[in-house]
Amino acid sequence: MEDIELPPQVRVYGRVTDFYGRPRKSYVQLVTPYGFPVGGAIVKTDDNGYYEMLVPKAIYHHAFICDGDYGTSSLEFYGWYVPVEPPEFKLDARFDKIEIYRLSAMEIPERTLMVYFIAWDIIYTTEILKSIYEDKKIISIEDICGLVILTPLGKNDIELYLNEHKLMIRTMRK
């Protein structure tokens, strides 16, 4: 018989909203598919978007927050490599009809922050596919492969924050 020491429990809490600060009823899930502990934790937000749960201390593979309407009227919040340390971990999240993929940031020697991401807007994409379907009554893989379905964003469409501090966007490349 062996004794094992369980990791300490950590209070994980926060609020889920859309990008206008309105509460989102959704599910908040932390997943750790490898290492110890294995598994995940899931909780549902209340009517005001608040949630709270106790989870083992771990580096979670990802945090997934969704309302169940993924791909039809909303997208999701998805965060990778989530280090949850005692005594508590606050994770506020926002999601709605746009989703950011492959977000990475680095500081270069000129003390400039370079940010890379891919955006997907469910309304923009759905309108393109709806138009194809109305014209042809079918959507083929050839239709999709030939489209530019990335969300058309300009510098004025984006706000960038570091913690609570709004940053100036100097240049943007697509």
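Each reported figure results from applying straightforward, stated rules to the coordinates on display, with no laboratory input. Note that this is a predicted model, so its numbers are computed, not measured. Because the Cβ atoms are built from the backbone with ideal geometry, glycine has one as well, and the counts that use them run over all protein chains shown.
Compute the distance in nm between two label points, each set 7 Å from the Cα along the Cα-to-Cβ direction, one at Ser140 and one at Tyr101.
For the pair Ser140/Tyr101, the computed spacing is 2.4 nm.
What order, most packed first, do the peptides 121-128, 166-173, 79-86, 57-64 have when packing is the mean number of other Cβ atoms within 10 Å of each residue?
57-64, 121-128, 79-86, 166-173
Based on the alpha-carbon gyration tensor of the range 47-156 and its eigenvalue square roots a ≥ b ≥ c, which shape applies: rounded if a/c is under 1.5, prolate if not and a/b is larger than b/c, or oblate?
Because a/c hits 1.5 or more and a/b fails to exceed b/c, the range 47-156 counts as oblate.
Sorted by average packing, counted as other Cβ atoms within 10 angstrom per residue and highest first, what order do 44-50, 136-142 take?
44-50, 136-142
What distance in nm separates the simple spin-label points at Arg173 and Glu110, each placed 7 Å from Cα in the Cβ direction?
1.2 nm
Round to the nearest 10 and give me the degree value, 0 to 90, for the angle of helix 122-136's Cα axis relative to the longest principal axis of the chain.
The angle comes out at about 40 degrees.
Shape of the range 1-101 from its Cα gyration tensor (a ≥ b ≥ c, root eigenvalues): rounded if a/c is under 1.5, otherwise prolate when a/b > b/c, or oblate?
Verdict is prolate for the range 1-101.
Could you tell me, in Å, what Rg and Dmax come out for the Cα atoms of the range 100-167?
17.0, 53
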